[in-house]
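Every number here is computed from the coordinates shown, using simple stated rules; none is lab data. Keep in mind that what you see is a predicted model, and the values were worked out from it rather than measured. Ideal geometry is used to build each Cβ from the backbone, glycine not excepted, and the neighbour counts take in all protein chains shown.
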Ligand code: SAH
C-alpha cells in the first residue's frame, strides 16, 4: 500500500514513551489499525507517523509491520526505556543501538537453552542498525544528556522483564550487551525484511537487577521523556 508522503516512523511500547512526542507534534490524522493508533503529522519540521504499539516482541513487530505496510516510511526509530547491562551505564543514561539480538531465540535441549540464530536460514540473529541514523541519534543523545551519559552498543531483546543480576551478567558475557529490553530486535527484524533503515534509542529506567521494578517505577517517566527529547533533536538534524 505505502500511501502518501515520505515520513519518519516513530514507534514506542508504552504510553509514557509517546506522550512528549504527541504533545509536541501537529497531528493531522489518526488511523486506528489492529487496536493501535497511528498518528500522522509534523514533528520538529518533519513528516512523521507515530504509534505506541504495546509491550513485547509480538506487539512491537505487529506495530512495525503495520506501520511499514500502511505508510511511506523512509526510516524507523524505535524508542523507549530499557534496563542497563554492564557496569558503565547508569539509570537515565542513553544507549544507541548498533545491533539488536533476540536473546531468548534458540534451542532448548536436555542441557537447557542455547541461543542460536534461526536454523535453515542465512540469518545471523544479529540485526544491524543503520550507521547514519545511529550517528544522528548519538549526536542528539549527547545534546540531551551529555557525552559521559551516552553509550552505543548491542541491545538484547526478549519477552522478559529482567530483574536479575546473574541474568544481566549473562547478557553481558554472551552478547556484549549494553542494554536489555523487550522490543528492539523484533522491530529490527521486521525493518530488515522491509529493507527500511532503523535506529533504536533507549533511556535506562533501571539496571535490570533486583531494584529494577522500583527503579522503573520511580525513573521510568523521566527516562521516557529523555527518549522523546532525543527523537525531536534527531528529527531536527534529519531536516538538514
Ligand atoms: N508497567 C509495565 C512495565 C513494563 S516494563 C508493566 O508492568 O507491564 C517493560 C517495558 O520497559 C518494556 O517495553 C521494555 O522494553 C522496557 N524495559 C525497561 N527495563 C527493562 C528491563 N529491566 N528488562 C526488560 N525490559 C525493560
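Summary table below
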item	result
Footprinting exposure proxy for 12, 66 (fewest neighbouring C-beta atoms within 10 Å first)	66, 12
For the chain: relative contact order, % (alpha-carbon pairs under 8 angstrom, 6 or more apart)	28 percent
Linear extension gain, residue 90 paired with residue 145, 0.36 nm per residue minus alpha-carbon span	18.6 nm
Cα-based helix-to-principal-axis angle, 57-70 vs the chain, degrees rounded to 10	30 degrees
Fewest-first sequence of 113, 120, 151 by Cβ atoms within 10 Å of each Cβ	120, 113, 151
Region 25-113: relative contact order as a whole-number percent, Cα under 8 Å and 6+ apart	14 percent
Degrees, to the nearest 10: 165-175 long Cα axis against longest axis of the chain	80 degrees
Normalised contact order of region 131-193, rounded percent, pairs of Cα under 8 Å and 6 or more residues apart	34 percent
Area projected by the alpha carbon convex hull of the chain, averaged over all directions, nm²	12.8 nm²
Gap separating the Cα centres of region 99-126 and region 1-61, nearest whole Å	30 Å
Computed helical MRE - 222 nm, the chain, DSSP H runs ≥ 4 contributing -39500 (n - 2.57), nearest 500	-12000 deg cm²/dmol
Degrees separating the helix 131-145 axis from the principal Cα axis of the chain, which is the longest one	90 degrees
